[in-house]
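Enquirer: Take a look at the following structure, please.
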Amino acid sequence: MSFSSSSSSLTLGLLVAGAWLGATGAQAHGDTAHTGGLASAPSAQVAAPFDIVHTRVRVDGRHAVFHMAVSGRAGSSKPARSGQLAGSQVFSYVWPTTLDPAEVGFEPKSGVLAFAVTAHPDFDDTPLFDENGDGDPANDGELWHSHWVVLQPDAACGKDMLKVVDIPEGSTPLLPATWPGLPLLIDSPGYSPLFRGASVEVRVPLANAAALAQARHDGVTAALRVNASVHSPLLCVVDVFKVASGNLSLPARVER
Ligand SMILES: [Ca+2]
Ligand SMILES: [Ca+2]
């Protein structure tokens with residue numbers, strides 16, 4: 001299968017009306033643990049658990065550390081359970097990057113590679129993990145968990161909106177070993193998101209941490225929705241709560 005989009009062609013500024021700060025290295029919320037990265041002004045227009053004030057990605061040895069802080073309590077808001085997969089909601093903390101999706105096992109140049117922490121009470125997409133420890137690996141979606149996803153714009157999701165890239169029936173793209181079996185470019189690698197007050201952080205092993213060190217990133221909080229008829233596009237971004245940069249320009253350097 002072939003893909004044509006690239007991260008450099010992202011023109012998704014219409015997604016949000018947010019304050020464009022463009023500043024890196026600034027301090028927005030007075031926490032010395034939140035140095036560097038991308039600072040964003042708090043906004044009364046955004047629900048506090050998704051009101052990004054600081055986004056940072058750093059390389060620590062063989063690991064990437066994805067960090068985000070919000071003006072409220074991170075992780076305290078989840079979608080209401082709808083009782084069915086079709087049309088159900090996903091809430092997310094997302095770090096779009098300039099990394100090639102091939103770095104984590106997807107097809108090269110298949111879209112924008114993003115790390116994401118999500119919760120969605122109506123389905124489980126971590127078949128290898130039992131996050132709630134009840135012996136059933138298929139009932140954990142409401143607990144926050146991590147993904148790699150490949151994103152592309154799709155007008156079917158709304159003007160200038162993104163989707164998780166679908167896998168057309170019959171095609172066999174390269175996929176990570178922990179791909180959960182959904183017809184999407186999504187990985188469920190099982191790395192635990194750690195919530196501490198206003199922040200969420202995930203430590204992620206990377207075979208090629210050197211590539212990450214050259215990358216840039218952004219921070220996004222958003223709701224996604226499963227297609228009402230469970231057809232492609234299967235998983236659209238439908239409501240962007242906030243973009244750290246204000247314009248999804250992925251301006252922040254990964255730190256070492
Ligand atoms: Ca599970
Ligand atoms: Ca379980």
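Enquirer: What's the magnitude of the charge dipole for the stretch 91-226 around its Cα centre, counting Lys and Arg as +1 and Asp and Glu as -1 at the beta-carbon? Answer in Debye, nearest 20.
Expert: Details: 7 positive and 19 negative charges, 126 e Å.
Approximately 600 debye in magnitude.
Enquirer: Now for a different question. Along the charge dipole of the stretch 29-183, Cβ charges K/R +1 and D/E -1, which of Leu174, Leu162, Ala119 sits furthest on the positive end?
Expert: Result: Leu162, furthest along the dipole toward the positive end.
Enquirer: Kindly provide log₁₀ I(q)/I(0) values, in the same order as q = 0.10, 0.20 Å⁻¹, from the Debye equation applied to equal alpha-carbon scatterers of the stretch 33-164.
Expert: Once normalised to I(0) and log-transformed, intensities are -0.39, -1.44.
Enquirer: Note down the relative contact order for the chain as a percent, whole number, built from C-alpha pairs under 8 angstrom at least six residues apart. Spell out each step's value before the answer.
Expert: Details: 692 pairs, mean separation 69.9, N = 256.
Value for the chain: 27 percent.
Enquirer: Let me see the P(r) profile for the chain: every Cα-Cα distance counted, bins of 10 Å, each bin given as a percent of all pairs.
Expert: Pair shares across the bins are 8, 33, 40, 18, 2, 0.
Enquirer: What percent of all Cα-Cα pairs in the stretch 50-90 falls into each 5 Å bin, going from 0 up to the bin containing the maximum distance?
Expert: Percent of pairs per bin, in order: 5, 18, 15, 14, 15, 15, 10, 5, 1.
Enquirer: State, as an integer percentage, the relative contact order of the stretch 200-256 based on alpha-carbon contacts under 8 Å between residues 6 or more apart. Present the calculation step by step, with values, prior to reporting the outcome.
Expert: Numbers: 66 pairs, mean separation 23.4, N = 57.
It comes to 41 percent, rounded to a whole number.
Enquirer: Continuing with the same structure: Looking at the stretch 89-220 from every direction and averaging, what is the projected area of its Cα convex hull in nm²? Could you put the intermediate results ahead of the total?
Expert: Values: hull surface 35.8 nm².
Convex hull of Cα atoms, orientation-averaged projection: 8.9 nm².
Enquirer: Give me the one-decimal Kirkwood hydrodynamic radius in Å for the stretch 81-151, with the sum taken over alpha-carbon pairs. Don't skip to the end; give the middle numbers.
Expert: On the way: mean 1/r = 0.0758 Å⁻¹.
It works out to 13.2 Å.
Enquirer: Tell me, Ser171, Ser92 in order of fewest to most beta-carbon neighbours within 10 Å? Please report the intermediate quantities before stating the final value.
Expert: Details: Ser171 11, Ser92 22.
Exposure proxy ranking, most exposed first: Ser171, Ser92.
Enquirer: So, one more: Translational D (Stokes-Einstein, µm²/s) of the stretch 66-113 at 37 °C and 0.692 mPa s when Rh comes from the Kirkwood sum over C-alpha pairs? Please list the in-between numbers first.
Expert: Details: Rh = 13.8 Å.
Approximately 238 µm²/s, per Stokes-Einstein.
Enquirer: Leaving out same-chain residues fewer than 8 places away, which aspartates and glutamates sit with a Cα under 17 Å from that of Lys159?
Expert: Output for Lys159: Asp239.
Enquirer: Could you identify which residue out of Ala44, Ala156, Ala138 has the top mean-square fluctuation in a GNM of the chain using Cα springs shorter than 10 Å?
Expert: It is Ala44.
Enquirer: So what's the stretch 145-254 giving for Cα Rg divided by 2.2 N^0.38 Å, two decimals?
Expert: Values: Rg = 15.2 Å, N = 110, 2.2 N^0.38 = 13.1 Å.
The reported ratio for this selection is 1.16.
Enquirer: Using the alpha carbons of the stretch 117-174, what is the convex hull volume per residue in cubic angstrom, as a whole number?
Expert: On the way: hull volume 7.1 nm³, N = 58.
Here the figure is 122 Å³ per residue.
None of the figures in this text is laboratory data; all of them are computed from the coordinates on show. Here the structure is a predicted model, which means the values were calculated and not measured. So basically every Cβ, Gly included, is an ideal-geometry build from the backbone, and we count neighbours across all protein chains shown.
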